[in-house]
1. Please go through region 50-67 and give me each residue that is outside any helix (DSSP H, G or I) and either in contact with a helix residue (DSSP H, G or I) (Cβ under 8 Å, 6 or more places away or on another chain) or surrounded by 11 or more Cβ atoms within 10 Å (Cβ to Cβ) (or both), ordered by number.
2. Pick from Glu35, Glu47: which is at pLDDT 80 or above, exposed (fewer than 10 other Cβ atoms within 10 Å of the Cβ) and in a helix (DSSP H, G or I)?
Amino acid sequence: LLEEDLVIASGVVEGAARYVVGERMDCSGMRWIPERGEALLRLRCIELNGDWDSFFYWGYQRWLKKLRPAKRVVIKTNEHLELPVTT
């Protein structure tokens, strides 16, 4: 790695984790259950990657699809959903 001038320290990764996770979830008095913490981190990553508009459009289209046949719309879900890949 040194010969190829690549980073071998973990500081870059630690800094990124601190920025993504710590800035949002590590405030005084906060407590998180794993499921809610993971959901929040997913939203944080979507926001930091600049994919918020695509994510919102994806969610809105899913919501509309459920409304068309007059089915009951459930906002909260426990199922794992794959997000679309934007180009």
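1. Passing the criteria: only Asp51.
2. Unique residue meeting the criteria: Glu35.
The values are calculated or read from the model by the stated rules, or taken from the named source; none is laboratory data. Owing to the predicted nature of the structure, the values given are computational and were not obtained by experimental measurement. Glycine gets a Cβ as well: all are built from the backbone with ideal geometry, and neighbour counts include every protein chain shown.
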